[in-house]
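Participant: The structure is given below, and queries will be raised subsequently.
Bear in mind these aren't lab numbers, they're just calculated from the coordinates by the rules spelled out. Since the model is a prediction, treat every value here as computed from it, not as a measurement. Cβ atoms come from the backbone with ideal geometry, glycine included; neighbour counts cover every protein chain shown.
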Amino acid sequence: MHAVELIERKRNGGEIPAAELREFIAAYARDEVPDYQAAALLMAVWFRGLSASETFALTEAMVASGETVDLAAQLGRRVVDKHSTGGVGDKTTIAVGPVVAACGAPFGKMSGRGLGHTGGTLDKLESIPGFRVELSTEELVGQVREIGIAVAGQSADLVPADRKLYALRDVTATIDEVSLIAASIMSKKIAGGASALVLDVKVGEGAFMRTQEDARRLAEAMRGLGEEAGMDVVCLLTDMDQPLGQTVGNALEVREAYDTVAGGGPADFRELVVAAATQLLALSDLELDEDGARKRVTASLGDGSALAAYERWIRAQGGDPDPALLPRAAVVRRLPAPATGFVRGARAREVAAVAMALGAGRERKEDPIDHAVGVVCRAKHGDHVERGEPLAEIHARDEAAAESAAAALLSAYEIGDEPDPRPLVLDVIR
């Protein structure tokens, strides 16, 4: 394998043979290919794209670069998982996992931390007092076997080639290429050992994929990779023009997830939890059709079993599930509506920027975060507000931070004379 020849072939629009691409990635993972050559190939891919066979070869190579886990073989059951492509206020895993476990399907997930405007599941879970996100593979398998659910940080030995390539993509402006995104996500999911996967592909102003066309391309690429690897995959295309639910910020989002598994929660967030959990149960070994799966999911939210599963899960990983113990911000400031009318926009990326400025997110992986701060969107698309009524809340560490956030948060909102309702689930791709 000659790295320069591969780079030149892709630069000129040719296809790289699967064996040579696998060899290139393996050599890069072993530090035998320098960053500058890997960066050159990434940029060539960004301009020229990858074919389906090239994308699968890249995925296979990243999976082969480290350890793999076969949860189904170890548990003797089909294990289900979900993944989101990243959104604002996306705490879905924290509610979906317990619902699925309460319904009798094993749920095992290796999750990540947040970077930029999207929040990470592990950061949110770490706002729970005592919660432990670092589990060994043996602990994860044992916990799924015992209580039906475990969510842990990704092992350092899982797809190390992807970790190296992602860091390089981050500093070479090659993050947003569909084949590279698909291979990165699916290599981790295949190596993580789930049998079936629901992918929540976010679409809109607050997502990586701004249009339904781009989101569909990504969804179909990931579904194809999963099927090649023997995994059942269903993709939901969901709206991310506004935050999901009402809360943006770690402890605030955990509290909202708790409220939802307890039978409440905002309507849009509950809708997505039910939709994702329904698809996961239909993919499980419970032999439920979609209608039966939805009925079981809805029942778990009404009879207390989803909440009981949530509490067992949090305690199993060392945490205290009592929402009253979650950290709270020192200052809570209401943002009044400047006019009477219908909310026609609550722009997700701008709301996320406010939450980040308050300390809820990080620009770099090593940055600390404040679990208590964030934003609560009291009114969203289609809601009617009177002038002076609460439009949102700012949860800040001090008055100065709250004051600084107020003007920026107000600019994220648009109020008009007519409602502008939008569906949450835009499409389901099977």
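Participant: Can you tell me the relative contact order of the range 326-416? Whole percent, Cα pairs under 8 Å, sequence separation 6 or more.
Facilitator: Value for the range 326-416: 47 percent.
Participant: Now, a different point. Rg/Rh for the range 326-416 to two decimals, with Rh computed the Kirkwood way over all alpha-carbon pairs.
Facilitator: 1.00
Participant: Across all directions of projection, what mean area in square nanometres is found for the Cα convex hull of the range 1-83?
Facilitator: 6.7
Participant: Rounded to a whole number of µm²/s, how large is the Stokes-Einstein D of the range 223-328 at 4 °C and 1.567 mPa s, given Rh as the Kirkwood radius over C-alpha pairs?
Facilitator: 84
Participant: Further question on the same structure: Treating only the Cβ atoms of Lys and Arg (+1) and Asp and Glu (-1) as charged, compute the dipole magnitude of the range 1-70 about its Cα centre; round to the nearest 20 debye.
Facilitator: Using only the charged Cβ atoms, the result is roughly 320 debye.
Participant: Just for the Cα atoms in the range 75-153, what are the lengths along the principal axes, largest first, rounded to whole Å?
Facilitator: 38, 23, 19
Participant: Let me ask something else. Modelling each spin label as a point 7 Å along the Cα-to-Cβ direction, I'd like the A156/I429 distance in nm, to one decimal.
Facilitator: In this crude spin-label approximation the distance works out to 3.6 nm.
Participant: Of the peptides 154-162, 331-339, how do they stack up when ordered by the mean number of other Cβ atoms within 10 Å, highest first?
Facilitator: 154-162, 331-339
Participant: Of A352, F342, H371, which is farthest towards the positive pole of the range 294-376's charge dipole, taken about the Cα centre with +1 and -1 on the beta-carbons of Lys, Arg and Asp, Glu respectively?
Facilitator: Value computed over the given set: F342.
Participant: To the nearest 10 degrees, how steep is helix 305-316 against the longest Cα principal axis of the chain, on a 0 to 90 scale?
Facilitator: With both axes taken from Cα atoms, the answer is about 70 degrees.
Participant: Can you tell me the alpha carbon radius of gyration of the chain divided by the globular rule-of-thumb value 2.2 N^0.38 Å?
Facilitator: Ratio of Cα Rg to 2.2 N^0.38 Å: 0.98.
Participant: Could you state the angle between the C-alpha long axis of helix 92-102 and the longest principal axis of the C-alpha atoms of the chain, as a value from 0 to 90 degrees rounded to the nearest 10?
Facilitator: 90
Participant: At a 10 Å Cβ-Cβ cut-off, how would you order T137, T93, T68, fewest neighbours first?
Facilitator: Fewest to most other Cβ atoms nearby, the residues stand as T68, T137, T93.
Participant: Are any of the pairs K188/K380; K202/K295; K10/K202; K109/K164; K164/K202; K91/K295 more than 27 Å apart by Cα-Cα distance, and if so, which?
Facilitator: K188/K380; K10/K202
Participant: Here's something else I'd like to know. Return the loop-located GluC sites (Glu not before Pro) in the range 370-416 (DSSP other than H, G, I, E, B) with at most 12 other Cβ atoms within 10 Å of their own Cβ; answer none if there are none.
Facilitator: When the GluC sites (Glu not before Pro) of the range 370-416 are filtered for loop state and at most 12 Cβ neighbours within 10 Å, E386 remain.
Participant: Let me have the relative contact order for the chain, percent, based on Cα pairs under 8 Å that are six or more residues apart.
Facilitator: That works out to 19 percent.
Participant: For the range 3-49, what is the Kirkwood estimate of the hydrodynamic radius, computed as the reciprocal of the mean inverse distance between distinct Cα atoms, to one decimal in Å?
Facilitator: After inverting the pairwise mean of 1/r, the radius is 10.5 Å.
Participant: Something else: Calculate, in nm to one decimal, what A262 and L325 gain on full extension: separation in residues at 0.36 nm each, minus their alpha carbon distance.
Facilitator: 21.0 nm
Participant: Which value in Å does the Kirkwood hydrodynamic radius of the range 71-323 take, with 1/r averaged over all unlike C-alpha pairs and then inverted?
Facilitator: 18.0
Participant: Further, regarding this structure: For Cα pairs less than 8 Å apart in space and 6+ apart in sequence, what is the mean separation divided by the residue count of the range 71-323, i.e. the relative contact order in percent?
Facilitator: Computed value for the range 71-323: 30 percent relative contact order.
Participant: Evaluate the charge dipole of the chain about its Cα centre and quote only its size in Debye, nearest 20, assuming +1 on the Cβ of each Lys and Arg and -1 on the Cβ of each Asp and Glu.
Facilitator: Around 260 debye, computed over the chain.
Participant: For the chain, find the longest principal axis of its Cα atoms and tell me its angle to the long axis of helix 52-64, 0 to 90°, nearest 10.
Facilitator: 90
Participant: Run through all the Cα pairs of the range 147-220 and give the fraction in each 5 Å bin from 0, expressed as whole percent.
Facilitator: So the P(r) values, bin by bin, are 3, 13, 21, 22, 21, 14, 5, 1, 0.
Participant: List the equivalent ellipsoid semi-axes of the range 93-203 in whole Å, largest first, each obtained as the square root of 5λ for an eigenvalue λ of the Cα gyration tensor.
Facilitator: With the √(5λ) rule applied to the range 93-203, the semi-axes are 25, 15, 15 Å.
Participant: Rounded if a/c is under 1.5, else prolate if a/b beats b/c, else oblate: with a ≥ b ≥ c from the C-alpha gyration tensor eigenvalues square-rooted, which is the range 370-429?
Facilitator: It comes out oblate by the Cα gyration axes.
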